[in-house]
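S.K.: I have a structure I would like to understand better, so I am pasting it below and will then ask my questions one at a time.
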Amino acid sequence: MMSEPVYIGIEIGGTKLQIVIGSADGEITERHRFNVDQSRAAEGIREQIAGALPNLAAKSGAAAIGIGFGGPTNWRTGDIVLSHHIAGWSGFPIGSWAAAMTSGLPTFVDNDANVACLGESQRGAGRDHGAVFYVTLGSGVGGGFTQSGHILHGGGATETEIGHLRLDRDGTIVESRCSGWAVDQRIRELITENPVGELAKLVSTSPSAPAIHLATAFTAGDPSAQRIITEVGHDLGFALSHVTQLLSPQVIVIGGGLSLIGAPLIAAIQAGLNAHVMGALQPAPIVHPAGLGEDVVPVGALLLAAQGLAAAN
């Protein structure tokens, strides 16, 4: 009896690189995780991949590779458009490069938020729904949309870039209000104005990543934490109302580092969404936290590889 094919999934982000081996249904059987040295830019990440991928492909007998990249990609050509966080990626042919070092393995490339949405739609919080919109709140803000377990693509090189959706005519975009760096900046502003309180105390002990303290400070009743979570939730909910009017997803899944704030943020996003969705689309889609955690892109990359190979054949 022939064994089931295995696949390689790769997540390329601004702070971490993951290479996994797994099945067509996204089950991870082997994982390799690397920290990204941003000072070495894209070349350093490529060296990490080149040092691991050929051996993994050979020993696993993988049938195809799926890559989720942290920035706009051209899924048709397998090329990277650009990275907003790591220099040296613009125009790089990641798909053909990876295929060349693995004896021509079919390689499929997409934006990491699209790939994450694929993972959540089949294995995570969206698995019981046909139309799933995914938002990642990390260093930037990305989006993806799947229909019946497949990524929905537009006519250009990229799509569903919710982080660049404008919140007003002055040019304020979602990323400038709801990304990790934007929230960190807002926390620093508020605790400078009001240095007394639980949030200010927690940030003083760990100032490099203020947002990680929001959930604890919110639970303690800190007004600055409550204000920030409400602002972020309502801004993102407003943006997601436009998504709902255009795409009508059944569920919206929130992932990324800021999603770890948990229930208070999810509730604030839901409130902002409910307030701005047109009557014909009420009740608004339910907002859920992502279910796959750190596995979301690698799982999606395995699914991308399997789906891409099946379509090619």
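All of the numbers you see were taken from the coordinates with simple rules; none came from a lab. Computed from a predicted model, the values in this text were never measured in an experiment. Positions of Cβ are generated from backbone atoms using ideal geometry, with glycine treated the same way; all protein chains shown enter the neighbour counts.
S.K.: Helix 41-60 against the longest principal axis of the chain: what's the angle in degrees, Cα atoms only, rounded to the nearest 10?
M.R.: 50 degrees
S.K.: Multiplying the sequence separation of residue 59 and residue 172 by 0.36 nm and subtracting their Cα-Cα distance, what value in nm do you get?
M.R.: So the chain would gain 35.8 nm between residue 59 and residue 172.
S.K.: Looking at the chain, what % of its DSSP beta bridges pair antiparallel, to the nearest 5? Each step should come with its number before you reach the end.
M.R.: Numbers: 25 of 44 bridges.
Close to 55 percent.
S.K.: Right, next: Could you please rank 170, 25, placing first whichever residue has the fewest other Cβ atoms within 10 Å of its Cβ?
M.R.: Ascending number of Cβ neighbours within 10 Å: 170, 25.
S.K.: Binning at 5 Å from 0, report for the range 253-313 what percent of all alpha-carbon pair distances ends up in each bin.
M.R.: 4, 16, 18, 14, 13, 13, 11, 8, 3, 0
S.K.: Calculated from DSSP H runs of 4 or more alone, at -39500 (n - 2.57) each and per residue, what is the 222 nm mean residue ellipticity of the chain, nearest 500?
M.R.: Rounded to the nearest 500, it is -12500 deg cm²/dmol.
S.K.: How far is helix 223-247 tilted, in degrees, relative to the longest principal axis of the Cα atoms in the chain, given as a value from 0 to 90 rounded to the nearest 10?
M.R.: Once rounded, the angle reads 50 degrees.
S.K.: Given contacts defined as C-alpha pairs under 8 Å and at least six residues apart, what's the relative contact order of the chain, whole-number percent?
M.R.: The normalised contact order for the chain reaches 21 percent.
S.K.: May I pose another question? In degrees between 0 and 90, to the nearest 10, how far off the longest principal axis of the chain does helix 296-312 point, with axes built from Cα atoms?
M.R.: The angle comes out near 40 degrees.
S.K.: Let me ask you something else. Would you work out the Kirkwood radius for the range 117-186? I mean one over the mean of 1/r across all pairs of different Cα atoms, in Å. Write out the running numbers ahead of the final one.
M.R.: Values: mean 1/r = 0.0765 Å⁻¹.
This gives a value of 13.1 Å.
S.K.: Over all directions, the average projected area of the alpha-carbon convex hull for the range 53-162 comes to how many nm²?
M.R.: On the way: hull surface 29.7 nm².
Spelled out: convex hull of the Cα atoms, projected over all directions, averaged, 7.4 nm².
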